[in-house]
Amino acid sequence: MPVAVITGGSKGLGRALGAALAERGWDLVLGARSAGALRETAAELGGRHGTRVVAVAGDVTDPAHRAALVAAAGELGGLDVLVSNASALGAEPLVRLDALPLEGLRQALETNVVAALGLVQEALPLLRASAAGAVITVSSDAATEPYGTWGGYGASKAALDQLSAVLGEEEPGLRVWAVDPGDMGTDLYTAAVPDDSDPRPHPTSVAPAFVRLLELRPAGGRYTASALLDTDRRAER
């Protein structure tokens, strides 16, 4: 069975993607800081179609945690897809740049960029050994659009996009995709904009876009979930 490592895998998009892959027979290594929610997710997804799920609680900024995630994948037989989904906002709720704590910006960069690269570095030997090695970084439209109060988070995601693009150039044997999932109703969004009562799409509606990416295996680059889902809709006509 193919093996995926998903950070931020206990809730939201990480959980939804894990469920979608489990339905297709993937083995999973899920990482998250919230040990209780992570155990619940692993218990729910484990056993689906013979899926093995390993829960590794910890903070992705911790090198020991990153090493444990990759070691768990190795014990399952290898690593085919690494999904960097764990994210930090930098401020909760979001604030304008003139009020953004610099320590918050450092945290966003450390989680969203530095830790993502550290995990890639840890995982590269297993990814290179896979016949279908791929890296997916979860981006945001805030990486490309100047939304007020989203400056720190958006800057970190823009940096992650560039990191992904360069990684794709340096590792031509791998597929490296940055994916903008669009608006979602997640805990992260609620923490970012707690006063926004407009309903947002559930992450389960976005997960099929990531599955489609793995099925199509297009050239490395930046993709939006909406475009990937449109590909599915056109194919159904």
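The values are calculated or read from the model by the stated rules, or taken from the named source; none is laboratory data. Keep in mind the model is a prediction, meaning the values are calculated, not measured. Backbone-built Cβ (ideal geometry, glycine too); neighbour counts: all protein chains shown.
Selection within region 137-157: residues that are farther than 21 Å from L214 by Cα, surrounded by 24 or more Cβ atoms within 10 Å (Cβ to Cβ) and of a type in the set (G, A, S). The member of this set that is nearest to the chain's Cα centre (by Cα) is S156. Checked across region 163-179, the condition of being of a type outside the set (G, A, S), closer than 19 Å to K11 by Cβ, over 17 Å from the mean Cα position of the chain (by Cα) and in a loop (DSSP other than H, G, I, E, B) holds for no residue. Within region 207-229, can you find the residues that are surrounded by fewer than 21 Cβ atoms within 10 Å (Cβ to Cβ), touching a Leu at 6+ places or on another chain (Cβ under 8 Å) and under 19 Å from T144 (Cβ atoms)? Within region 207-229, L213, G220 qualify. One residue alone among T111, T137 is among the polar types (S, T, N, Q) and in contact with a strand residue (DSSP E or B) (Cβ under 6 Å, 6 or more places away or on another chain), and that residue is T137. The conditions of being touching a residue at least 12 places away in the same chain (Cβ under 8 Å), in a helix (DSSP H, G or I) and closer than 20 Å to E169 by Cα are not met by A155.
When region 114-136 is filtered for residues that are in a helix (DSSP H, G or I), out of contact with any Lys or Arg (no Cβ under 9 Å at 6 or more places or on another chain) and surrounded by 15 or more Cβ atoms within 10 Å (Cβ to Cβ), the ones remaining, listed by number, are V114, A116, L117, V120, L124, L126, L127. Scanning region 26-60 for residues that are closer than 16 Å to L82 by Cα and not charged (D, E, K, R) yields a total of 11.
Applying the criterion of being of a type in the set (G, A, S) and either crowded, with 16+ Cβ neighbours inside 10 Å or modelled with pLDDT under 95 (or both) to the residues of region 187-206, the residue that is farthest from G173 (Cα to Cα) is S197. Taking the criterion of being polar (S, T, N, Q) and in contact with an Asp or Glu (Cβ under 9 Å, 6 or more places away or on another chain), the only residue of region 1-32 that qualifies is S10.
Within region 206-224, residues that are closer than 19 Å to L160 by Cα reach partners that are among the hydroxyl-bearing types (S, T, Y) and in a loop (DSSP other than H, G, I, E, B) with beta carbons closer than 8 Å, at six or more positions or on different chains, in the pairs R222/S139.
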